[in-house]
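*Asks:* One structure, pasted below without further comment.
The values are calculated or read from the model by the stated rules, or taken from the named source; none is laboratory data. Note that the coordinates shown come from a computational prediction; the quantities given were computed from them, not determined experimentally. Using ideal geometry, Cβ is built from the backbone for each residue, glycine included, and neighbour counts are taken over all protein chains shown. To get the accessible areas, we keep the full protein, side chains included, count just its heavy atoms, and leave off ligands, DNA and RNA. Shrake-Rupley method; radii C 1.70, N 1.55, O 1.52, S 1.80 Å.
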Amino acid sequence: YNYDVVVIGGGPAGLAAALAASKKGASVAVIERNDELGGILNQCIHSGFGLHYFKEELTGPEYAERFINEVQSAPIDSYLNAMVLSVTPEREITAMTGEGILTFKAGAIVMAMGCRERTRGAIKIPGTRPAGVFTAGIAQRYVNLENLKPGNRVVILGSGDIGLIMARRLTLEGITVEGVYEIMPYANGLTRNIINCLNDFDIPLHLSTTVTRINGINRVESVDVAKVDSQRNPIPGTERNIPCDTLLLSVGLIPENELSIKAGVTLSPVTGGAVVDDTLETSVPGIFACGNALHVHDVVDNVTTEAQDAGSNAADFAAGQRTASPVTQPVTAEGPVRYTVPSTLEPDRKTPVTLKFRVGAPIANGITQVTCGGKVIRKGSKARSYVPSIMETVRLTPKDLAQCSGPVSVTVVEQ
């Protein structure tokens, strides 16, 4: 099969990218490994989606449905139950389906595979290997889609948004949630989820505390927890045992990038996602990345707008309307800023560009500052707070970039 643009992944990023490319006149295919479009949104039955993009509050399935309906009414081919096995730098795609192996040749590719959860093995919790240890997302699927009960008495490790939302969801199902335990001295989820999912249901949040051991033979019987010091090492004498039959892990998300690696795409050591320029093109010409496969987002509305840019730019590339500038300006994260997206800019841009970044730890009072060649080209107007759970943005105009040459750096100056 030959298409101008092939989008890998049919979640919110893939759907938005496909629609944007189709609106540019490109022939588009979406390859999705599940039997329906929508991705992770299909199991997110809680509200809170669409506040920015649609200016109204929707559930995850409602948000997905709006894009699915558009895709199905557009000249876009969707390949469901199709698992992509490989992507080459020449933009050739091999996928396994129920009918056999399919091969695609694309003018441009958009990587929109989403992300996966860190598991117990990734964080190396000691103890036995009983049943009853789940990632929060798997537990969410069990309850919301499969109508299965993960357990009766639950401990949640990690204060990521999925874990917070599941604390509320399990409580509403009559399951006892003993508490949420977070190794960092601050919560990693959005403030609104701390309030709506924990505080409103009197579920305790224990900061600077972690699970040190899982106990049980056939099923989880208890977990040991302990306070941790500034180096995140358990403090002797603070251990206590908590009886439970289930442990949920909400300990971080990792961009899905096995296919990116196969295609030769350079990955960021910080995010685990692709390194991209200001058009969201990766280090491999014609391969673009967006959504949680690029870097983990906090709200789906931001995934949508980013993916629209990726799809539009991919269509331009496939049509031969975009050639990369031979000169680029690196974008670097400085001080408390962990990373930036994009990683390079074209210095002769004719349109504004939005730089996205996250801080590594909470900042009570700070100001965003962008410098180029040692000269400040953009600075926030007033001090405010920053937290790692919220992705920050700063918008640069062509006039800003015209002021200098050399590397661009983004930082937050503490006040």
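*Asks:* Farther than 24 Å from Ala131 by Cα and more than 26 Å from the chain's Cα centre (by Cα): does that describe Asp202?
*Replies:* The answer is yes for Asp202.
*Asks:* In addition: Residues in segment 62-75: is at least one closer than 26 Å to Ile261 by Cβ and either aromatic (Phe, Trp, Tyr) or open to solvent by 30 Å² or more (accessible area, probe 1.4 Å) (or both)? Don't jump to the end; show me each part of the working.
*Replies:* So the first thing to find is which residues in segment 62-75 are closer than 26 Å to Ile261 by Cβ, and the list is none.
No: zero hits.
*Asks:* State which residue is nearest to Thr59 (Cα to Cα) when the search covers only segment 282-302 and only residues that are touching a strand residue (DSSP E or B) at 6+ places or on another chain (Cβ under 7 Å) and either of a type in the set (Gly, Ala, Ser) or open to solvent by 10 Å² or more (accessible area, probe 1.4 Å) (or both).
*Replies:* Pass one, segment 282-302, residues touching a strand residue (DSSP E or B) at 6+ places or on another chain (Cβ under 7 Å): 282, 286-290, 292-296, 300.
Filter once more, keeping what is either of a type in the set (Gly, Ala, Ser) or open to solvent by 10 Å² or more (accessible area, probe 1.4 Å) (or both): 282, 286, 289, 292-293, 296, 300.
On the way: Thr282: 32, Gly286: 34, Ala289: 25, Asn292: 19, Ala293: 22, Val296: 20, Val300: 11 Å.
Result: Val300.
*Asks:* Taking only segment 165-183 into account, find how many residues are aliphatic (A, V, I, L, M) and in contact with a Ser or Thr (Cβ under 7 Å, 6 or more places away or on another chain).
*Replies:* Adding up the residues that qualify gives 3.
*Asks:* Here's something else I'd like to know. Of the conditions (1) closer than 22 Å to Leu207 by Cβ; (2) out of contact with any His (no Cβ under 8 Å at 6 or more places or on another chain); (3) crowded, with 20+ Cβ neighbours inside 10 Å; (4) at pLDDT 95 or above, Ile165 fails just one. Which one is it?
*Replies:* (2)
*Asks:* Scan segment 175-192 and tell me whether some residue there is at pLDDT 95 or above, acidic (Asp, Glu), open to solvent by 20 Å² or more (accessible area, probe 1.4 Å) and farther than 24 Å from Gly39 by Cα.
*Replies:* Looking through segment 175-192, at least one residue is at pLDDT 95 or above, acidic (Asp, Glu), open to solvent by 20 Å² or more (accessible area, probe 1.4 Å) and farther than 24 Å from Gly39 by Cα.
*Asks:* Can I ask one more? Across segment 373-390, which residue is modelled with the lowest pLDDT among those that are touching a Pro at 6+ places or on another chain (Cβ under 8 Å) and either open to solvent by 40 Å² or more (accessible area, probe 1.4 Å) or over 24 Å from His295 (Cα atoms) (or both)? Don't jump to the end; show me each part of the working.
*Replies:* Of segment 373-390, the ones touching a Pro at 6+ places or on another chain (Cβ under 8 Å) are 373, 385-388.
This time we only want the ones that are either open to solvent by 40 Å² or more (accessible area, probe 1.4 Å) or over 24 Å from His295 (Cα atoms) (or both), so: 373, 385, 387.
Numbers: Gly373: 84, Ser385: 96, Val387: 94.
That would be Gly373.
*Asks:* Somewhere in segment 3-22, is a residue under 23 Å from Asn313 (Cβ atoms), among the aromatic types (Phe, Trp, Tyr) and part of a loop (DSSP other than H, G, I, E, B)? I'd like the intermediate steps shown before the answer.
*Replies:* We begin by selecting, within segment 3-22, every residue under 23 Å from Asn313 (Cβ atoms); these are 3-22.
Remaining after also requiring among the aromatic types (Phe, Trp, Tyr): 3.
With the extra rule that they be part of a loop (DSSP other than H, G, I, E, B), the set shrinks to none.
No, segment 3-22 contains no residue that is under 23 Å from Asn313 (Cβ atoms), among the aromatic types (Phe, Trp, Tyr) and part of a loop (DSSP other than H, G, I, E, B).
*Asks:* Mind checking which residues of segment 391-401 are more than 29 Å from Gly189 (Cβ to Cβ) and open to solvent by less than 80 Å² (accessible area, probe 1.4 Å)?
*Replies:* Residues satisfying the conditions are Leu396, Thr397, Pro398, Asp400, Leu401.
*Asks:* Take segment 199-215 and flag every residue that is within 20 Å of Arg240 (Cβ to Cβ) and either part of a helix (DSSP H, G or I) or in contact (Cβ under 8 Å) with a residue 60 or more places away in the chain (or both).
*Replies:* Those that are within 20 Å of Arg240 (Cβ to Cβ) and either part of a helix (DSSP H, G or I) or in contact (Cβ under 8 Å) with a residue 60 or more places away in the chain (or both): Val211, Thr212, Arg213, Ile214, Asn215.
*Asks:* Now for a separate question. Which strands (runs of 3 or more DSSP E) sit wholly inside segment 220-277 and have at least 1 residues that are more than 19 Å from the chain's Cα centre (by Cα)?
*Replies:* Per the criteria, 220-227, 240-243, 246-249.
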